[in-house]
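**Q** Sending over a structure as structure tokens; questions will come in a sec.
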Amino acid sequence: MKAPRENDTDLHRGIEPLRTTFAILILLLGFVAGARAESGFGVLEARAGDAEPVEMVALSSTVDVAVSGLVAEARIRQRFTNTSDAWVEAQYLLPLPDGAAVHDLELRIGSRVVVGEIREKEQARAEYVEAAASGRRAALVEADRPQLFRTAVANIAPGETVEVDVRWWQSIAYRDGRFRFALPLTYTPRYTQASTDLEGATGNPSADDAHAGQAPRVGVHIAIDAGLELSRVESASHRISVARDGRRHTVTLADGEVPADRDFTLEWTPVLGAEPAAAVLAEQRGGETYAMVMLMPREELANPLPRELVLVVDTSGSMEGESLRQARAALDLALTSLTPRDRFNVIQFNSVTEALFDSPVAAQPGDVKLAREWVARLQATGGTEMAPALERALAGAPPAGYVRQVVFATDGAIDDAGRLYTLIDRDLRESRLFPVGIGSAPNTVFIERAATLGRGTSITIADLGEVSERMRTLFTKLERPALRDVTLAWPGAAEVYPSRLPDLYAGEPLLVVARLPAASGALHASAHADLAPWQVSQRLDGAGHATGIARLWARRKIDDLERSLDVGGDAGAVREGILALALDHHLVTRYTSLVAVEKTPVRPLEDDLASTRVANGAPTGGVAFAATATGAPAQRLFGFGLLALALLTMLAARRVRHG
């Protein structure tokens, strides 16, 4: 064999660092671009050097949930199998339930288990990228946006299967005599205003892109210990099998693993007479007590409070067509639900704001008829000037004893959300805000945060065919306000979330989490009702134990800190507060991520690492994709990265030539 020349050795020494630099740079740029690409659900072809595109990384998932009263511990185990002959990295967008406190990550390769650690987001990403580039197996879970998490797994060998476990805690909803658990199994891509604002370019993935590759499959196993007798356990979304052992129920999918093409919902109903009137659960952690309390108003409080309903509809040009037609139908539905006891007004806005009446009026038949005719004539035109409409809707005060409900229907296409958050916080007073996002790409973040600031609830309706049904559900709820101005008196100092308590509607409990010195004494609750003031006391002594409440409390406080940014909170102080909570309670947040890294490299550095993005299951009935494009900052970053790489290459080559 011919001995290598000295210049060849020098060249090899010069190129090897470049190979690692190139790998790290490409991974970083790929991850940043992935974070910018809002759809993220089409299957991207991945190439290892000049080879043919690698095949799709097949994915299946298993979800295990253990329900104990009002708290659930959940785990999703994702299996990534590399069916290609190249080393690959898989990326996947993972939707989780609202309020999920994500706290643990495990990477399993055969009998080996690598446990994830919580890190500041930048540090976690750097550790992941460096490990991936150096040939070590690694996994990363980071928050993409509220309730959507990005997972990545690097260095899956040809033919190899790895498992990633992500775990979280969540509370269980209870309303109208039923407990409810919802698990998102797919996600509809949404419009990113920044993309079109920066570039003016748009692109719609085709249906073929959305369905490319094999659809992910999922299995579900839920163990329910509700603490009381149940009469029914049922799912409106999937066929299920239910096994009963005393008060415990085990739920599985009747068809085994199914395509992840629709959200999974499960409801369980207590035996008549066994409904919870109150519940107190507690957890001791670090010398402190964390409590979850549910209080249920008595049934006789279902007599509704009088209300003042203000209907606001977006008639800007972006609402033209089916969006406005459905919005008009929804408002007409609301107007027909009014009684002479109620008061109302209707407001439309585009570039200008116009109200039907100067101020809310009694819902007499003649005025209701006039309003329905006025709504039927609304046309879409002009821009989206939302602030004047919000100011008009929140102005003044309702008569004594009335609940003012402001229903705000819009596609949410706005640029200055911060100004609107400040306006809501300043002018809300006795009003309650119920934003409704209509269309294939509403600004979901704005809709949800406006509802929280407005002490109401929000709904987002991407499928225009569901507008009537979803709005009917909302208006049915709004017809039955039971309690307003709810206050809680705790024994001693308590930090409670939500910090702003909402009004309660018939069949709706009050659920709060608190940090206390001890679970002792009594909690006193009071509120205004229609016939007489409502008061109830609940002893905290003898609270049942439940693990996970401390993390749920921390998650609620983190949400509260994030919302403070919307109304001018100090960004530095908020970041420090969230970091302290996240690191203490081991939680994924906007500033922290979970990263798991194997110590020993497995991929030879001379082998390239290809990257593929695993497609989520497309929602049944098709996907209403939003117009998206990679923003200019990401494109510029990519360009600067390639330029830097070229400069590094030239410098290395020059050093080799001139020795």
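**Q** At 0.36 nm per residue, and after removing the present C-alpha to C-alpha distance, how many nm does the segment from Glu430 to Ala182 gain when stretched out fully? All intermediate terms of the calculation are to be shown ahead of the outcome.
**A** Details: separation 248, 0.36 × 248 = 89.28 nm, distance 3.15 nm.
Answer, rounded to one decimal: 86.1 nm.
**Q** Next question, about the same structure. Assign one of three labels to region 260-343, namely rounded, prolate or oblate, based on the Cα gyration tensor with a ≥ b ≥ c the square roots of its eigenvalues; rounded applies when a/c is under 1.5, prolate when it is not and a/b is larger than b/c, and oblate otherwise. It would help to have the intermediate numbers written out before the result.
**A** Working: a/c = 2.30, a/b = 1.67, b/c = 1.38.
Taking the square roots of the gyration eigenvalues as a ≥ b ≥ c, region 260-343 is prolate.
**Q** Among Phe446, Phe408, Phe357, rank each residue by its count of other Cβ atoms within 10 Å, from fewest to most, as a rough exposure measure.
**A** By the 10 Å Cβ count, ascending, the order reads Phe357, Phe446, Phe408.
**Q** Next question. For region 118-126, in order, what is each residue's ³J(HN,Hα) by Karplus, 6.51 cos²θ - 1.76 cosθ + 1.60 with θ = phi - 60°, in whole Hz (x at glycine and Pro)?
**A** So the J values, rounded to whole Hz, are 7, 9, 4, 4, 5, 5, 4, 5, 5.
**Q** Report the label-to-label distance for Val445 and Asp245 in nanometres (one decimal), using points 7 Å from each Cα along the Cα→Cβ vector.
**A** 4.5
**Q** Between Thr381 and Thr339, with labels modelled 7 Å along Cα→Cβ, what's the label distance in nm to one decimal, could you check?
**A** 3.9
**Q** Using θ = phi - 60° and the Karplus relation 6.51 cos²θ - 1.76 cosθ + 1.60, list the HN-Hα couplings for region 532-537 in order, rounded to whole Hz, with x at every Gly or Pro.
**A** Once θ is set to phi - 60°, the couplings for region 532-537 become 7, x, 9, 9, 7, 10 Hz.
**Q** In the neighborhood of Gly321, defined by Cβ-to-Cβ distances under 14 Å, what is the net charge if each Lys or Arg adds +1 and each Asp or Glu adds -1? Could the numbers behind the result be given before it?
**A** Numbers: positive: Arg325, Arg328; negative: Asp314, Glu320, Glu322, Asp411.
That works out to -2.
**Q** Can you pull the one-decimal nm distance between simple spin-label points at Val536 and Asp64, each 7 Å off the Cα toward Cβ?
**A** My value for the distance between the label points is 3.5 nm.
**Q** Ok, one more. How much length would be gained if the chain were fully extended between Arg470 and Glu120, taking 0.36 nm per residue of separation minus their Cα-Cα distance, in nm to one decimal?
**A** Numbers: separation 350, 0.36 × 350 = 126.00 nm, distance 3.93 nm.
Full extension of this stretch gives 122.1 nm more.
**Q** Just to confirm a number: summing +1 for Lys and Arg and -1 for Asp and Glu over residues other than Leu609 whose beta-carbon lies under 10 angstrom from that of Leu609, what do you get?
**A** Details: positive: Arg603; negative: Glu89, Asp607, Asp608.
In short, -2.
**Q** Another one. Can you grab the distance from the C-alpha centre of region 560-579 to the C-alpha centre of region 358-416, Å, no decimals?
**A** For region 560-579 versus region 358-416, the Cα centre distance is 32 Å.
**Q** Related question: Under the rule of at least 5 residues apart or a separate chain, name every residue whose amide H is placed under 5 Å from the amide H of Trp87.
**A** Ala610
**Q** Another question, then. What FRET efficiency, computed as 1/(1 + (r/R0)^6) with R0 = 35 Å and r the Cβ-Cβ distance, is obtained for Val113 and Ala573, rounded to the nearest 0.05? Walk me through the numbers before you get to the answer.
**A** Numbers: r = 38 Å, r/R0 = 1.08.
Efficiency, from the Cβ-Cβ distance: 0.40.
**Q** Please work out the Kirkwood hydrodynamic radius for region 455-540, using every pair of different C-alpha atoms, and report it in angstroms with one decimal place. Intermediate results must be reported in sequence, preceding the final value.
**A** On the way: mean 1/r = 0.0662 Å⁻¹.
It is 15.1 Å.
**Q** If you average 1/r over all unlike Cα pairs in region 316-377 and invert the result, what Kirkwood radius do you get in angstrom? Intermediate results must be reported in sequence, preceding the final value.
**A** On the way: mean 1/r = 0.0814 Å⁻¹.
The Cα-based Kirkwood calculation yields 12.3 Å.
**Q** Here is a follow-up. On average over all directions, what projected area in square nanometres does region 305-479 have, based on the convex hull of its Cα atoms? Please list the in-between numbers first.
**A** On the way: hull surface 34.1 nm².
Approximately 8.5 nm², given one-decimal rounding.
**Q** Oh, and also: Sort the following peptides by mean Cβ neighbour count (other Cβ atoms within 10 Å, averaged over residues), highest first: 489-501, 341-353. Don't skip to the end; give the middle numbers.
**A** Values: 489-501: 14.9, 341-353: 19.7.
Result, highest mean first: 341-353, 489-501.
**Q** If R0 is 56 Å, what FRET efficiency do you get for Glu322 and Glu606 from their C-beta distance, rounded to 0.05? Spell out each step's value before the answer.
**A** Details: r = 55 Å, r/R0 = 0.99.
So, using R0 = 56 Å, E works out to roughly 0.50.
**Q** Further, regarding this structure: Can you give me the long-range amide H partners of Leu230? Hydrogens built in the peptide plane at 1.01 Å from N, cutoff under 5 Å, separation of 5 or more residues or another chain.
**A** Val271
Any read-out appearing in this document is the output of simple, stated calculations on the displayed coordinates, not a laboratory observation. This structure is a prediction, so every number in the text was calculated from the model and none was measured. Don't worry about glycine lacking a Cβ; one is built from the backbone with ideal geometry, like all the others, and counts go over all protein chains shown.
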